[in-house]
Amino acid sequence: MNIVIVGAGSVGSELVEQLIREGHNITVIDSDQKNVQNAVNRFDVNGFVGNGGSLDTLLEAGIKNCDIFIAVTEKDEINVLACMVAKSLGIDNTVARVRNPEYISMANETNNIGISMMVNPEYQVSEEILNILQLPSAINIHNFSDGNADLVETKIKRDSILNGVTIKDLHLYIRQRILICAVLRNNEIIIPNGDIKLREDDIIYFSATERNIRSLFQDLKINKKTHKVFIAGGSKITYYLAKGLDRIAYNVKIVSPDKDECKFLADNLNHIDVIHGDPSDQALLNSEGYKNADAFIALTDNDETNIMLSTYAHSSGVRKVITKVDNDAYLKMTATSPALDTIISAKLSTAEQIVTFVRTFTGEEDNIVKKIHKISDDRAEALEFTAGETFGALNTPLKDIKFKKNVLIGGIIREGEFILPTGNDEIKVADSVIVVTTNNIFDDLNDILG
């Protein structure tokens, strides 16, 4: 497919990297010549320097030949304007990155202003953090089928009853029905069979319902409750997250060095303590009782500050630490750090949503991707498909289907009910099917067949 991307900053570059890998033809537009040159040199794409909201720039870039138009600059206004211009030129499929809370109401009218999908990375990340805080023993939680199923990432500790257990014998040790879909061991992702024995420090990815997850964590004695939350930084993510936490009655304290941010948060949030100060000031942190928090969340605009604050909170004994990191180099460096429990990235979250949107146009219409979650630092994907009438293995027991290598069916959702699949279960028309695989190019449910 021919795809035009306006904005070649961190988000745009991440998108280009992923979409080039999936075989698309990419044209990049950015007002910064350095950004364009970096994209051209690194990815061998077409590049144009100019204003992405300008009709002349878009025409020069050959926009009339594109299938999908994506605007992800730092400025919401340019993104919206660029999509509107693209729509006026006959481009039906447009995506805009929109971050300002005041623009969220526009989402209900996107069809009228020429935008197929609005992506709000800050809101999306805040929802991810909110899910994790409700199950803090998880490293990450990925939702499927409107919350009917989850894929949970957690670590096997030395004293865990799962340490040393073979997957096929799990039922002898736990009551809840879960399916282990992937194991990260020694920096390598494994799509497991029943003979794999779990070890200390393994990171496992398992599918289950939220109810079973809570019961499992309770049985494993890792079902920690979160009541007090300490947030460093007053970003838009903080605003969305604090609103969600206040809604479910968490005790929240926010520290930000930006006076305007503090005023905005104080004016727009109820029952939230907002402190104007430097979150890297240890004396301030101590005076505000950060050590008594159940969770510490570093959401400043500086990755280095977030990493430093999170490391300090971990060393001080805070049970749950969540760190926002967007820089590629830091993401790789921090992936295995024991001091950084959960890493979240607005850039990667945005890319996930847009790549999902793109793949809906590359597969068969009735076997499309509904959701994509990159797992284990992009070593694997967890995908949700809708099974259509053209799926080549309908109404066939899973044990009789020949799958591609490194493919596992992580769950089937039928009429809102989660089915933990066994060899005798079948995929039927209209089922939502969760697939976990190390093959990162699936855009059609038929792609899983060998």
I'd like to verify a number: residues in the range 435-450 that are out of contact with any Leu (no Cβ under 6 Å at 6 or more places or on another chain), closer than 20 Å to Leu420 by Cα and buried (at least 22 other Cβ atoms within 10 Å of the Cβ), how many? 3
Output the number of residues of the range 305-320 satisfying the condition of being crowded, with 24+ Cβ neighbours inside 10 Å and either over 22 Å from Thr226 (Cα atoms) or touching a helix residue (DSSP H, G or I) at 6+ places or on another chain (Cβ under 7 Å) (or both). 1
Just wondering, is there one or more residues in the range 204-223 that are loosely packed, with under 15 Cβ neighbours inside 10 Å and touching a strand residue (DSSP E or B) at 6+ places or on another chain (Cβ under 9 Å)? no
Kindly indicate whether any position in the range 225-243 is in contact (Cβ under 8 Å) with a residue 60 or more places away in the chain, part of a helix (DSSP H, G or I) and touching a Pro at 6+ places or on another chain (Cβ under 7 Å). yes
How about the range 1-95: which strands (runs of 3 or more DSSP E) wholly inside it have at least 2 residues that are of a type in the set (Lys, Arg)? none
Taking first residues from the range 310-325 that are under 16 Å from Asn131 (Cβ atoms) and second residues anywhere that are charged (D, E, K, R) and assigned to a helix (DSSP H, G or I), the pairs with Cβ under 8 Å that are 6 or more apart or on different chains are Lys324/Asp303
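Given the residues Glu389, Glu384, which is the only one that is closer than 23 Å to Asp146 by Cα, touching a residue at least 24 places away in the same chain (Cβ under 8 Å), touching a strand residue (DSSP E or B) at 6+ places or on another chain (Cβ under 6 Å) and among the charged types (D, E, K, R)? Explain how you work it out, then say what you get.
Numbers: Glu389 fails: touching a strand residue (DSSP E or B) at 6+ places or on another chain (Cβ under 6 Å).
Result of the check over Glu389, Glu384: Glu384.
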Within the range 192-216, which residues are touching a residue at least 12 places away in the same chain (Cβ under 8 Å) and among the basic types (Lys, Arg)? Lys197, Arg199, Arg214
If you go through the range 389-406 one residue at a time, do you hit one that is outside any strand (DSSP E or B), buried (at least 16 other Cβ atoms within 10 Å of the Cβ) and either at pLDDT below 95 or in contact with a helix residue (DSSP H, G or I) (Cβ under 8 Å, 6 or more places away or on another chain) (or both)? yes
With respect to Leu151, determine if the residue is modelled with pLDDT of 95 or more, buried (at least 16 other Cβ atoms within 10 Å of the Cβ) and under 26 Å from Thr238 (Cα atoms). yes
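The values are calculated or read from the model by the stated rules, or taken from the named source; none is laboratory data. Just so it is clear, the model here is predicted, and its values are computed rather than measured. Because the Cβ atoms are built from the backbone with ideal geometry, glycine has one as well, and the counts that use them run over all protein chains shown.
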